[in-house]
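Chemist: Take this structure first; my questions come after.
The values are calculated or read from the model by the stated rules, or taken from the named source; none is laboratory data. Since we're looking at a predicted model, the values are computed, not measured. Cβ placement follows ideal geometry from the backbone for every residue including glycine, while neighbour counts extend to all protein chains displayed.
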Amino acid sequence: KETFVGHQVLRISADDEAQVQKVKELEDLEHLQLDFWRGPAQPGSPIDVRVPFPSIQAVKAFLETHGLEYTIMIEDVQSLLDAEQEQMFAFQAR
Amino acid sequence: TRSTDTFNYATYHTLEEIHGFMDMLVAEHPQLVSKLQIGNTYEGRPIYVLKFSTGGNNRPAIWIDTGIHSREWVTQASGIWFAKKITQDYGQDLTLTAVLDSMDIFLEIVTNPDGFAFTHTKNRMWRKTRSLTPGSSCVGVDPNRNWDAGFGMAGASNNPCTETYHGKFANSEVEVKSIVDFVKSHGNIKAFISIHSYSQLLLYPYGYKADPAPDQDELDQLAKSAVTALASLYGTKFKYGSIIKTIYQASGSTIDWTYSQGIKYSFTFELRDTGRYGFLLPASQIIPTAQETWLALRTIMEHTLNHPY
């Protein structure tokens, strides 16, 4: 079963078309294994991307280099998944 | 004893548990609910649709599906709640009773069974189908890019390793083809609502082109009424508009195809939230999400009933 320890979900703000294109460049870098929860679309629309732990530094460096603002929407995906599983198992046990 | 009254709607369930729920609901309401199998998935799982009908023959119908993107768990969980709600409200709620006295409702709760099973066993983040693509080591097609409406145009990917891969050809995915065949053979569906998450949006055609839909004004007005009804419960704010204007260009999408089949009231929902938990919405939000969405669905169903075409 795939685990997501250390994976983070970043919310990127792209203020203009050039910035949207920059994020699309990121999308094309397959080795980063990025999972866009909300893909790059029009300026002003939030872009949410799940970043595997090994890619986090590179992605944040890329965003900061290109002046793309971001916030961390989910600090650690696995911790949310663990909570979800606990809730399901608790119910099933009951 | 286990029943749909003791079933826990406030937690996420496995495919087997959902199938068990369906069978319980049918057994408890044999005059109202039946379970149809419209096909088998790529990996051979049955594809079930619940039919809610009070009689008649091939009545005008409303279609609701959830879970076409398997990781959007709040949608399948809401679909379970909708199924129970329909049986509870028929004969109680005037609007729903009027709808079911002259229309049928079809509800497909797990529209991507292979992907859903995979989210429970191997990868909670899986979105697509689980079909194999010859010549590629990557698996799956985005079932919301595989429909024969602008198929393969901008707004989908031809790379099998991406989340929006459209597939080798339109309807290549049996999970999609099964619905296409059902809609065509039924021939009397008047509203088609496909439910996704997240972002809190109510969308109507088109996604693959910027031209306004011929029924744009009516769809926009109905969407406004629906999101107003939705917000009346917990204040949850939804945006609404055409797919391409409200989020992005998306080709080969479900409701662009259903609309092209003459199903005027074609809508896509994107449920909670707007980006705190995303696809990992806590189970504590399942019931409130389903309750508020139901008010929007009820608005669309009432409009469909009152505006026959």
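Chemist: Is there any pair with a first residue in the stretch B:161-190 that is at positive phi and a second that is crowded, with 23+ Cβ neighbours inside 10 Å and not charged (D, E, K, R) whose Cβ atoms are under 7 Å apart and which are 6 or more apart or on different chains, and what are they?
Modeler: Within 7 Å, the pairs are B:167/B:141; B:167/B:146; B:171/B:146.
Chemist: Pick out the one residue from B:239, B:245, B:177, B:209 that is within 17 Å of residue B:268 (Cα to Cα) and more than 13 Å from chain A (Cβ to nearest Cβ).
Modeler: Sole residue among the options that is within 17 Å of residue B:268 (Cα to Cα) and more than 13 Å from chain A (Cβ to nearest Cβ): B:209.
Chemist: How many of the residues in the stretch B:242-291 are of a type in the set (Ser, Thr, Tyr) and under 18 Å from the mean Cα position of the chain (by Cα)?
Modeler: Within the stretch B:242-291, residues that are of a type in the set (Ser, Thr, Tyr) and under 18 Å from the mean Cα position of the chain (by Cα) number 11.
Chemist: Of (1) outside any loop (DSSP other than H, G, I, E, B); (2) within 14 Å of chain A (Cβ to nearest Cβ); (3) crowded, with 21+ Cβ neighbours inside 10 Å; (4) of a type outside the set (Ser, Thr, Tyr), residue B:126 satisfies all except one. Which?
Modeler: If we test residue B:126 against (1) outside any loop (DSSP other than H, G, I, E, B); (2) within 14 Å of chain A (Cβ to nearest Cβ); (3) crowded, with 21+ Cβ neighbours inside 10 Å; (4) of a type outside the set (Ser, Thr, Tyr), just (1) comes out false.
Chemist: Also: Filter the stretch B:262-309 down to residues that are within 14 Å of chain A (Cβ to nearest Cβ) and hydroxyl-bearing (Ser, Thr, Tyr) and give me whichever is farthest from residue B:233 (Cα to Cα).
Modeler: Top of the filtered list is B:277.
Chemist: Please state which one of B:135, B:155, B:140 is within 14 Å of chain A (Cβ to nearest Cβ), within 28 Å of residue A:31 (Cβ to Cβ) and surrounded by fewer than 24 Cβ atoms within 10 Å (Cβ to Cβ). Please lay out each step first, then the result.
Modeler: Working: B:135 fails: within 14 Å of chain A (Cβ to nearest Cβ); B:140 fails: surrounded by fewer than 24 Cβ atoms within 10 Å (Cβ to Cβ).
Only one candidate qualifies: B:155.
Chemist: Which residue out of B:84, B:51 is among the basic types (Lys, Arg), in a strand (DSSP E or B) and either at pLDDT 95 or above or in contact with a strand residue (DSSP E or B) (Cβ under 8 Å, 6 or more places away or on another chain) (or both)?
Modeler: Answer to the check: B:51.
Chemist: Okay, next question. What do you reckon, is residue A:47 surrounded by 20 or more Cβ atoms within 10 Å (Cβ to Cβ) and either touching a Lys or Arg at 6+ places or on another chain (Cβ under 9 Å) or aromatic (Phe, Trp, Tyr) (or both)? Before you say what the answer is, go through the steps one by one.
Modeler: Values: surrounded by 20 or more Cβ atoms within 10 Å (Cβ to Cβ): yes; either touching a Lys or Arg at 6+ places or on another chain (Cβ under 9 Å) or aromatic (Phe, Trp, Tyr) (or both): yes.
Yes.
Chemist: For the stretch B:91-123: of the residues being in a loop (DSSP other than H, G, I, E, B) and surrounded by 20 or more Cβ atoms within 10 Å (Cβ to Cβ), which is farthest from the chain's Cα centre (by Cα)? Before you say what the answer is, go through the steps one by one.
Modeler: First pass over the stretch B:91-123, keeping only residues in a loop (DSSP other than H, G, I, E, B): B:91-93, B:103, B:109-112, B:122-123.
From the residues that got through so far, the ones that are surrounded by 20 or more Cβ atoms within 10 Å (Cβ to Cβ) too are B:103, B:109-112.
Details: B:103: 18, B:109: 7, B:110: 9, B:111: 8, B:112: 10 Å.
Of everything passing the filter in the stretch B:91-123, B:103 is farthest from the chain's Cα centre (by Cα).
Chemist: Take residues that are out of contact with any strand residue (DSSP E or B) (no Cβ under 9 Å at 6 or more places or on another chain), among the small types (Gly, Ala, Ser) and surrounded by fewer than 20 Cβ atoms within 10 Å (Cβ to Cβ) and tell me which of the strands (runs of 3 or more DSSP E) falling wholly in the stretch B:193-294 contain 2 or more.
Modeler: Passing ranges: none, list empty.
Chemist: Continuing with the same structure: From the residues in the stretch B:20-48 that are surrounded by 14 or more Cβ atoms within 10 Å (Cβ to Cβ) and of a type in the set (D, E, K, R), which one is farthest from the other protein chains (Cβ to nearest Cβ)?
Modeler: Only one residue tops the list, namely B:35.
Chemist: Could you please find all residues in the stretch B:3-19 being in contact (Cβ under 8 Å) with a residue 24 or more places away in the chain, hydroxyl-bearing (Ser, Thr, Tyr) and within 13 Å of chain A (Cβ to nearest Cβ)?
Modeler: Listed by number, the residues that qualify are B:9, B:11, B:12, B:14.
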